[in-house]
């Protein structure tokens, strides 16, 4: 789920289930009401005349000769080859300047774009087809494109991350892509420094700088100062460098937040203490933030899209857990309080700063 | 007139309450019912059958006159009671999740 940066009333959400597949929902009134783009908002949809087509859930890989790339195969967990099959939308990223433009990261990994408010979707096929696609393989959650970062200073630049292929960048609006995984070291793949095959969990970027990126990998927290061309580890004194969520302070580009999780097989905070770790030095030196967070018997996870930052001067930080709590801090993480509890597992937390 | 019973979530998506009534010309088969349903309620496209392959979603089944017709040919004629509207055509979501 994510709101438009230029129209806070415009919110996009992805619903998916094993029964009915993918549904795209949109709100044009700040979440009061929702509808599938392409069907009339709030109106009866039973008219037999002139009903618009509801194809907002149609994601078809572009394999046309004119604009697309041939559908090849990708790797499966066991090294066998699988065809690309659409399964679900993992992330929706609205354009920074047009509320009707929105990007979707899907499983099996590809990047789609809608220019009509989510009514119809077209693939940006150069990502899947740039060359390394046949080597991509799923992470534990599937072969999913889960992270999309747009650059306010450079509309032609997009970063994406795929589990377990890695990070990729385009500098020409999606016409060409390249892997940006140099410096990543993953012991769980045959070549730990391979060009692709890394399980990148999430990437965060401060809006003011196009070149500095922070990454939470399956294991390891990393940083790049050259837009992903090179990465180096900044895990430093973290109690564990496994995790999912990572984000950057609204006004301090060198202040980074992560939520360390014990291990890939034990998805809960070390010692059962829910701690956000903050670095004010761009990494390596981390301090635990614990005030207001449960410090015993807490066995929840914090997922990759479940952390958000507001733009107030004091910088609010928010995150949700798989135990259904959402915590907020209005002072950059110094103190925390639960906003809501007993929800289903929280997959996505987004915040809007309204004037 | 064909009567179709939808799972609750698909009723919500289609914006209907209760059963759905459809007029079908020609043979009444699973394919002709689903074609008519999706034409009348385009927002249901992709939720019952995959957009591209046209295959049934694995956790949905089709019942007619107390018979599971899920694995019958999609072009097999359905019983007269379905074609006449005396009995509804059921689209059932599997009981799954626990």
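FYI, it's all coordinate maths here, none of it is from the lab. Quick caveat: nothing in here was measured; it's all calculated off a predicted structure. Virtual Cβ from ideal backbone geometry, glycine too; neighbours counted across all protein chains shown.
Send over the semi-axes of the protein assembly as shown's equivalent ellipsoid, whole angstrom and largest first, taken as the square roots of 5 times the C-alpha gyration tensor eigenvalues. Present the calculation step by step, with values, prior to reporting the outcome.
Numbers: eigenvalues 348, 117, 91 Å².
Equivalent-ellipsoid dimensions as semi-axes: 42, 24, 21 Å.
Distance between Cα centroids, the stretch A:51-117 to the stretch A:281-344: provide it in whole Å. Between the Cα centres of the stretch A:51-117 and the stretch A:281-344 lies a distance of 31 Å. Taking the DSSP beta bridges in the stretch B:2-93 as the whole, what percent of them are antiparallel, to the nearest 5? If I count the DSSP bridges inside the stretch B:2-93, around 85 percent turn out antiparallel. Shown for A:59, B:63, A:76: other C-beta atoms within 10 Å of each C-beta, ranked fewest to most, produce the order A:76, B:63, A:59. Note on A:18-26: average number of Cβ atoms from other chains within 10 Å of each residue's Cβ is 6. Considering only C-alpha atoms, what is the centroid distance from the stretch A:142-162 to the stretch A:258-276, in Å? The stretch A:142-162 and the stretch A:258-276 have Cα centres spaced 26 Å from each other.
For the stretch B:2-93, the pair-distance distribution built from all alpha carbon pairs, in bins 10 Å wide starting at 0, is 16, 57, 26, 0 percent. Taking chain A as a Gaussian network of alpha-carbon nodes connected by springs under 10 Å, the highest mean-square fluctuation of the residues A:114, A:281, A:95 belongs to A:281.
Among A:289, A:312, what is the fewest-to-most ranking by other Cβ atoms within 10 Å?
Numbers: A:289 21, A:312 13.
Ascending Cβ contact count within 10 Å gives the list A:312, A:289.
Per-residue Cβ neighbour counts within 10 Å put B:66, A:311 in the sequence B:66, A:311, beginning with the fewest.
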